[in-house]
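A short worksheet on the structure shown next.
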Amino acid sequence: MKINEIKCEPFDDQRPGTAGLRKKVTVFQQPHYLQCFVQAIFDCLDLPADATLVIGGDGRFFNREAITTIIAMAAAEGVARVVVGQNGWLSTPAASHLIRHEGAAAGLILTASHNPGGPDGDFGLKFNMASGGQAPESLTDAVYERSKTLTGYRIADLDIPDLRQTGSFSLAGLRLDVVDPVDAYTDLMQTLFDFPRIRAMLAGGRRVHFDALNAITGPYAERILCDELGAPRDSVRHTRPLEDFGGLHPDPNPVDAPHLLELALSDDPPDLIAASDGDGDRNMILGPGLMVSPGDSLAIMLEHCERIPGYANGVPGVARSMPTSRAVDAVAEAHGIPCFETPTGWRFFSNLLTAGKIGLCGEESFGTSSSHVGEKDGLWAVLFWLNLMAELEQPVDQIVHAHWARYGRWFFQRRDYFIADTGQAQALIADLGRRLPTLPNTLHGGQRVAAADVFNYTDPVDHSVSRDQGFRVFLEGGGRIVFRLSGTGTAGATLRVYLDHRETGPERVTLPADDILSPLGEAAASIARIADHTGLAQPTAVI
């Protein structure tokens, strides 16, 4: 096997975010760009001599070319075995499971998650550890520092076979296994959920509608929902992964998938409506007449988890990201288990899951999961809800209303302000940070501030400290406002403003969210002086 030593200049823009490195496709297509980032990862992973590596992606544009490049670079690093999904496909949760299942030292997942695809879209690469979870911040920081000093990379001359065919191949010392991307994941789901009971429920007339948005979960949904559980073929839509997602924005939320909300509000909606995102790690759950907020979904899962076979013994704890609604906190208290509040970013959950401190976790950006994998898992959430419907013998809307009757409803809303000028966004955050200590007892939009702080987090597992993870403002009457800049985009900046407030009266829990949260939104705009800094009088999206 010939190994080529390619010399080039380092790049200074390869700092991974909360879920790897995301850039425009055209950035990754620059000569040496992908290769230098991969080399930095290999240099910092310190793989053993007999290492197995899992590689796969969400099928977006540039996926296949990137995978063949990484296989050749893995061979140059002396990796003994590479496991890759057929067609280069692996959903993020399936890749996480496969890392564990195959005893791999690490995994490289090619995705930009919910970001648009195609030649003018986004691309991304992240690396996961042997636990299946995302790399810790200490490692991603090390990769960034290494990327700035690289003078080249190593790549082998290999004749890589067609990844459309499964099988094992020997490539000059490297064993390449091309596997069905769905098999191992389907087997795992059958150990967690009561498939016969779900199958009987669907045969009895309950209807499900799942939209894969032309992204990676399509083949998984066809296999599990249709082949295994007997749902009619027309229950699943947009199931063929396309390089540009067929022009759809693969983000399961009411703004980017309004057709699903319209279906939920139609005259004869299915009992469960759901969608997942580009790489299969997010979920949106809807039922007749409503969308289930991610915070409510997590809380309801915790409330009823012991009804699900894979969680019959309960869970040791639960976690939510700091901006996520506090609905699950009340359920955790009722169950007598700890509830961890973490920064945004799944790697913080990964530490808690690996250490056995939690068994369920979720975030407001439509991500939910458990200890079954080290990542969030969209289709798993759909199966959890189907199993719950079968156990309770109720559709989604009845389950949600019963939960509100017991715990009250945490109204929740995220208001996004896309700011093209990142300098304006940084100035807004800096100004808010300076004024934060002066906010208590001030009045904004009729709302009085009770307390305000900067959210800092000390990881209870490795004791690492993550500072400046967002601003929290607590209002008299129990409302809360959170401000943070998003780290998942590839251009500009998005100020995310999160609003939550609890109502308990039967006549209040069914009110429209705007009726409850609009005063908090006005207060948030006043507190952060959004219009003064950006000229934006209204959010660019409300989710």
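Filter the range 321-355 down to residues that are touching a Gly at 6+ places or on another chain (Cβ under 9 Å) and part of a loop (DSSP other than H, G, I, E, B), then give me how many there are. Count: 10. For the range 417-453, a residue qualifies if it is touching a residue at least 40 places away in the same chain (Cβ under 8 Å), under 14 Å from residue 484 (Cβ atoms) and surrounded by fewer than 17 Cβ atoms within 10 Å (Cβ to Cβ), and exactly one does: 426. Scanning the range 337-372 for residues that are of a type in the set (A, V, I, L, M) and surrounded by fewer than 22 Cβ atoms within 10 Å (Cβ to Cβ) returns 337, 355. Is one or more of the residues making up the range 70-77 open to solvent by 10 Å² or more (accessible area, probe 1.4 Å) and closer than 26 Å to residue 371 by Cα? Checked against the condition, which is being open to solvent by 10 Å² or more (accessible area, probe 1.4 Å) and closer than 26 Å to residue 371 by Cα, the range 70-77 yields no hits at all.
Sub-8 Å Cβ pairs linking a first residue in the range 193-210 that is farther than 14 Å from residue 227 by Cβ to a second residue that is part of a helix (DSSP H, G or I) and of a type in the set (Asp, Glu), at least 6 apart or interchain, are 194/391; 197/391, ordered by first then second residue. No other residue among 441, 456 is closer than 29 Å to residue 112 by Cα and at pLDDT 95 or above apart from 456. Comparison of 408, 378 shows that the only residue that is modelled with pLDDT of 95 or more, open to solvent by less than 10 Å² (accessible area, probe 1.4 Å) and farther than 27 Å from residue 108 by Cβ is 408. Mind telling me which of the residues 132, 204, 167 ends up being open to solvent by less than 40 Å² (accessible area, probe 1.4 Å) and either at pLDDT below 95 or within 29 Å of residue 285 (Cα to Cα) (or both)? Result of the check over 132, 204, 167: 132.
Taking helices (runs of 4 or more DSSP H) as the structural unit, those lying wholly within the range 169-238 and holding at least 1 residues that are of a type in the set (Gly, Ala, Ser) and over 30 Å from residue 81 (Cβ atoms) correspond to 195-203.
The values are calculated or read from the model by the stated rules, or taken from the named source; none is laboratory data. Since we're looking at a predicted model, the values are computed, not measured. Cβ: placed from backbone, ideal geometry, glycine included. Neighbour counts: every protein chain shown. Accessible surface is based on the protein model in full, side chains and every heavy atom, while ligands, DNA and RNA are left aside. Shrake-Rupley method; radii C 1.70, N 1.55, O 1.52, S 1.80 Å.
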